[in-house]
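Below: one structure, written as structure tokens.
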Amino acid sequence: MEIHYIDEFITLAEIGNYLEAADALYLSQSTLSRHIQSIENDLGVQLFNRTTRKVELNAFGKVFLPYARQIQALKADYQKALSEQIKDQNSNITIGTIPTMAQYHITDILSRFQNEHPDYNLNIVDADSSELEKMLREGSVDFAFVRTRDRSGTEFQTLPYFTDHIVAIFPRSHPLADSESVSLDQLKAESFLFLSKGSMMHTLAISACKAAGFYPHVAFTGHRAENIVDLVGRGMGIGLLTRQPLTYIDTSNVAIVDVIPQFTTSISLTYPSEQSLSPTARQFLKFYKSLGII
């Protein structure tokens, strides 16, 4: 049974005239008659007593009418609920970011967007760059601030945000602690302290050492840069990290020295090339471009 036929049945029952009911419904009389007959065929009973001038509900029609009104009310309820859900989804935006979002002032951008668009529901998740790329592929985030070194292919669209470079972190007592710069091949005999295996920074650090002609001896891996800096300060090894996050960490017990040749890494606002953007996502993209970062 077509649900919208129920509305027509109720209208005909209330008006009691095919021609007037058809006019009210913007239908032809024959179309209305055909729809009512369809309901009756589905129910297996006639619902109206018909005369040349009017129609009246018979006993079956009077039994069916209150149920028809309940169906009509339920239809209005679910249409309203679905409409609100569509509205909520269209106002949602999920943005992924590397964990060092405060150090790179990504929090400034996100909070400004939320303040300028209070009606949008901004959801933020942090994860390593490799995990963020997976989330982008799955569609669980709309955009992500992802750390990259080299990118090829057309899977993602990227807008530049911040470029950083790797530095070496020494104990104050280390012979190279007072150097203006060091090359990684000078450190091939050292023990290294890296961020966790599988993280983008771990991959970048390994790549930098391999580019210098050696595979590093890794004495420690961890999730937090603060622990690496503390262990370096206690003489446990040499750290390789990007410079910008170190501005938020107490580095008074270590020496930070630039690595040459410079090994750079970029953070980009990234989103899938093939997926269409929601209206809210398009608004965020417009907002980001207006910041003049690109």
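The values are calculated or read from the model by the stated rules, or taken from the named source; none is laboratory data. Here the structure is a predicted model, which is why all the values come from computation and not from measurement. As a convention, Cβ positions derive from the backbone with ideal geometry for all residues, glycine included, and neighbour counts pool all protein chains shown. Protein only, heavy atoms only, side chains kept; ligands, DNA and RNA dropped before computing areas. Shrake-Rupley method; radii C 1.70, N 1.55, O 1.52, S 1.80 Å.
Tell me, please, whether a residue that is assigned to a helix (DSSP H, G or I), open to solvent by 30 Å² or more (accessible area, probe 1.4 Å) and under 30 Å from LEU246 (Cβ atoms) can be found in region 36-55. So far as region 36-55 goes, no, none of its residues is assigned to a helix (DSSP H, G or I), open to solvent by 30 Å² or more (accessible area, probe 1.4 Å) and under 30 Å from LEU246 (Cβ atoms). Within the set THR264, THR270, THR247, the sole residue that is within 24 Å of ASP126 (Cα to Cα) and in contact with a His (Cβ under 7 Å, 6 or more places away or on another chain) turns out to be THR264. Scanning region 113-146 for residues that are farther than 22 Å from LEU204 by Cβ and either free of Cβ contacts under 8 Å to residues at least 24 places away in the same chain or in contact with a His (Cβ under 8 Å, 6 or more places away or on another chain) (or both) turns up GLN114, ASN115, PRO118, GLU138. Of the residues making up region 173-201, those that are open to solvent by less than 20 Å² (accessible area, probe 1.4 Å) and either in contact with a Cys (Cβ under 6 Å, 6 or more places away or on another chain) or not in a loop (DSSP other than H, G, I, E, B) (or both) number 7. For region 133-172, a residue qualifies if it is of a type in the set (A, V, I, L, M, F, W, C), in contact with a helix residue (DSSP H, G or I) (Cβ under 9 Å, 6 or more places away or on another chain) and either closer than 19 Å to CYS209 by Cα or open to solvent by less than 40 Å² (accessible area, probe 1.4 Å) (or both), and the qualifying residues are VAL141, PHE143, ALA144, PHE145, VAL146, PHE156, LEU159, ILE166, VAL167, ALA168, ILE169, PHE170. Checking ALA68, ALA76, ALA21 one by one, the residue that is open to solvent by less than 70 Å² (accessible area, probe 1.4 Å), hydrophobic (A, V, I, L, M, F, W, C) and within 30 Å of PRO279 (Cβ to Cβ) is ALA76 and no other. Residues in region 1-52 that are closer than 19 Å to GLN70 by Cα and either of a type in the set (D, E, K, R) or in contact with a Cys (Cβ under 8 Å, 6 or more places away or on another chain) (or both): GLU2, ASP7, GLU8, GLU14, GLU40, ASP42. Candidates in region 124-172 are the residues that are within 18 Å of the chain's Cα centre (by Cα) and in a loop (DSSP other than H, G, I, E, B); of these, the one that is modelled with the lowest pLDDT is GLU155.
Whether a residue is within 35 Å of the chain's Cα centre (by Cα) and without any contact (Cβ under 8 Å) to a residue 12 or more places away in the chain was assessed, and SER268 does not pass this test. Restricting PRO279, PRO261, PRO272, PRO245 to those that are farther than 18 Å from PHE192 by Cβ, surrounded by 15 or more Cβ atoms within 10 Å (Cβ to Cβ) and not acidic (Asp, Glu) reduces the list to PRO272.
When the criteria are applied in full, ASP108 meets the requirement of being closer than 30 Å to GLU131 by Cα and either among the β-branched types (Val, Ile, Thr) or in a helix (DSSP H, G or I) (or both). Given the structure, is LEU204 in contact with a Lys or Arg (Cβ under 7 Å, 6 or more places away or on another chain) and of a type in the set (A, V, I, L, M)? So LEU204 passes the test. When each of ASN115, ASN58, ASN92 is tested for being surrounded by 13 or more Cβ atoms within 10 Å (Cβ to Cβ), within 24 Å of GLN283 (Cβ to Cβ) and of a type in the set (S, T, N, Q), the lone residue that passes is ASN92.
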